[in-house]
């Protein structure tokens, strides 16, 4: 399998993108790529609501501190992104793996453009994986005042068929995707975590929604985020949208902007969110007293002369080894490998209480990861860890994940986080699987804050509770069985027979691509 696409509807999203934005696929990038001089974030804003809040943190606690807030609920995940965009006065940087042209995706584009219209410098950096059919729209966005758009690791040939052929010829390069997610406003506030930009990440999809997690930070974390964004922005892996081999189409640009804004205004899926920019002063003032103070280190996989430095993988294993009493892990996609099992055994042998939450087959959008995770279940349990798997009908689906009026078929897990000894936390994009470790770029924030760790522990314990997860146990014969608040089963939970068949089929594909 050349590229794991975790959304079961990703191929349909590609086609829908064409229909929604009426974009024409261009044949290729320009033959001679034009690279701009290095560009960097401006100095952090000295005024505005975000600067005021960030400076209140650093002036009281020190310049290397930040105030943090976990974005656990889907509604918060989107609302606070809108709040940062609406509150920005000087700069806005958004970096993401996927940006779907759906309800939330269009809302975020619209708000970013409205920020540009009031003079905010907007930089958009998106992985080129699912941009099929969007070239003209991207090209026109890049031409707007105060907006720059760049693509990570773009295909030279832009049509779907041509991309498939190019992938076969140049797999080693094109199989590497930018999995990072980052939003920075005014150099004072940042969102770091696991959410892509699309409805299923914000509780707005009628098919399924992800339970996910980000951390919102004010202060030094924004400075670190600016440094990460600038690194990617100036990377030789990144190409400006002006290199798309297209001509400016003023009527297309005008019509698309008009259609997008009309659609956002009438979209009932977005009824829980403001459709127009607004003043968020009240929410920012209320948040100030609840911020968790701490220091952070934002770690990311650097792109160096055609290679990727695996800083996040090394940092994660180094940090996990520091656990003395307790380690809680929530990670959507786990294929551990023997080295991780050995490390796990070492930790539990010295008395560390390890609890792990991941997806069940039932809660996965695509069974491919489960096909290669399930052989490791016994090893994880025999290594001494307690193992939990997300329920597709978790109680948090209606209370925290879905945003009314949405009601989806099931809920899945997308969080990537851990807590060590109730002090050190990690929130980021990296899964515990070969693709995150060896192929894609990843990022995450290591945060030293007992208060934030306590918040994260509470979330993890809630998610591992029997109304939200199955606990996996071994019977006297060493076979796994699953227990939740309603039942005990001796076969891995699944939503359908076809899902079980897919679980078998994907086992035939190479583990290292997942």
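Taking the stretch 115-134 on its own, how many of its residues are surrounded by fewer than 23 Cβ atoms within 10 Å (Cβ to Cβ), touching a strand residue (DSSP E or B) at 6+ places or on another chain (Cβ under 9 Å) and assigned to a helix (DSSP H, G or I)? Result for the stretch 115-134: 1.
Candidates in the stretch 229-246 are the residues that are farther than 16 Å from residue 177 by Cα and touching a strand residue (DSSP E or B) at 6+ places or on another chain (Cβ under 6 Å); of these, the one that is surrounded by the fewest Cβ atoms within 10 Å (Cβ to Cβ) is 245.
Of all residues in the stretch 199-211, those satisfying the criterion of being in contact with a strand residue (DSSP E or B) (Cβ under 7 Å, 6 or more places away or on another chain), surrounded by 24 or more Cβ atoms within 10 Å (Cβ to Cβ) and not in a helix (DSSP H, G or I) are 203, 209, 210, 211.
Go through the stretch 322-342 and give me each residue that's out of contact with any helix residue (DSSP H, G or I) (no Cβ under 7 Å at 6 or more places or on another chain) and over 22 Å from residue 465 (Cβ atoms). Steps first, please.
Quick first cut of the stretch 322-342, residues out of contact with any helix residue (DSSP H, G or I) (no Cβ under 7 Å at 6 or more places or on another chain) only: 322, 324-326, 329, 331-332, 337-340, 342.
Within the stretch 322-342, 322, 324, 337, 338, 339, 340, 342 qualify.
Let's see how each residue does on (1) within 18 Å of the chain's Cα centre (by Cα); (2) at pLDDT 95 or above; (3) within 27 Å of residue 52 (Cβ to Cβ):
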site: 75; (1), (2), (3): yes, yes, yes
site: 98; (1), (2), (3): yes, yes, no
site: 105; (1), (2), (3): yes, yes, no
site: 120; (1), (2), (3): no, yes, yes
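Among the conditions (1) farther than 22 Å from residue 453 by Cα; (2) in contact with a helix residue (DSSP H, G or I) (Cβ under 6 Å, 6 or more places away or on another chain), the only one that residue 70 does not satisfy is (1).
Checking 89, 109 one by one, the residue that is out of contact with any strand residue (DSSP E or B) (no Cβ under 6 Å at 6 or more places or on another chain), in the same structural domain as residue 279 (by TED's automatic domain parsing), in a helix (DSSP H, G or I) and within 30 Å of residue 239 (Cβ to Cβ) is 109 and no other. Going by the conditions given, is residue 318 in contact (Cβ under 8 Å) with a residue 40 or more places away in the chain, out of contact with any helix residue (DSSP H, G or I) (no Cβ under 7 Å at 6 or more places or on another chain) and in the same structural domain as residue 383 (by TED's automatic domain parsing)? The answer is no for residue 318.
Comparison of 282, 307 shows that the only residue that is in the same structural domain as residue 71 (by TED's automatic domain parsing) and without any contact (Cβ under 8 Å) to a residue 24 or more places away in the chain is 282. Of the residues in the stretch 135-143, not one is in a strand (DSSP E or B), surrounded by 18 or more Cβ atoms within 10 Å (Cβ to Cβ) and assigned by TED's automatic domain parsing to the domain that holds residue 175. Hey, among the residues in the stretch 490-514 that are in a loop (DSSP other than H, G, I, E, B) and surrounded by 15 or more Cβ atoms within 10 Å (Cβ to Cβ), which one's nearest to the chain's Cα centre (by Cα)? Top of the filtered list is 514. Just checking, does the stretch 342-362 include any residue being crowded, with 17+ Cβ neighbours inside 10 Å, in the same structural domain as residue 439 (by TED's automatic domain parsing), within 24 Å of the chain's Cα centre (by Cα) and within 30 Å of residue 223 (Cβ to Cβ)? Within the stretch 342-362, not a single residue is crowded, with 17+ Cβ neighbours inside 10 Å, in the same structural domain as residue 439 (by TED's automatic domain parsing), within 24 Å of the chain's Cα centre (by Cα) and within 30 Å of residue 223 (Cβ to Cβ). Restricting attention to the stretch 285-304, the residues that are more than 18 Å from residue 52 (Cα to Cα) and without any contact (Cβ under 8 Å) to a residue 12 or more places away in the chain total 1. Quick one: would you say residue 464 is touching a strand residue (DSSP E or B) at 6+ places or on another chain (Cβ under 6 Å) and surrounded by 14 or more Cβ atoms within 10 Å (Cβ to Cβ)? Yes: the conditions hold for residue 464.
Just wondering, is there one or more residues in the stretch 416-426 that are within 22 Å of residue 361 (Cβ to Cβ) and crowded, with 22+ Cβ neighbours inside 10 Å? Yes: the stretch 416-426 contains one or more residues that are within 22 Å of residue 361 (Cβ to Cβ) and crowded, with 22+ Cβ neighbours inside 10 Å. Collect the residues in the stretch 29-55 that are closer than 20 Å to residue 185 by Cα and outside any loop (DSSP other than H, G, I, E, B), keeping them in residue-number order. Across the stretch 29-55, the qualifying residues are 49, 50, 51, 52, 53, 54, 55. The strands (runs of 3 or more DSSP E) found wholly in the stretch 414-476 and carrying at least 2 residues that are at pLDDT 95 or above and within 15 Å of the chain's Cα centre (by Cα) occupy 416-420, 424-428, 443-448.
In this structure, is residue 379 surrounded by fewer than 21 Cβ atoms within 10 Å (Cβ to Cβ), without any contact (Cβ under 8 Å) to a residue 60 or more places away in the chain and either touching a helix residue (DSSP H, G or I) at 6+ places or on another chain (Cβ under 9 Å) or more than 21 Å from residue 419 (Cα to Cα) (or both)? It is true that residue 379 is surrounded by fewer than 21 Cβ atoms within 10 Å (Cβ to Cβ), without any contact (Cβ under 8 Å) to a residue 60 or more places away in the chain and either touching a helix residue (DSSP H, G or I) at 6+ places or on another chain (Cβ under 9 Å) or more than 21 Å from residue 419 (Cα to Cα) (or both).
Restricting 266, 270 to residues that are assigned by TED's automatic domain parsing to the domain that holds residue 135 and buried (at least 17 other Cβ atoms within 10 Å of the Cβ) narrows the list to 270.
The values are calculated or read from the model by the stated rules, or taken from the named source; none is laboratory data. Values in this document were obtained by computation on a predicted structure and should not be read as measured data. With ideal geometry, Cβ positions are generated from the backbone for all residues, glycine too; neighbour counts draw on all protein chains shown.
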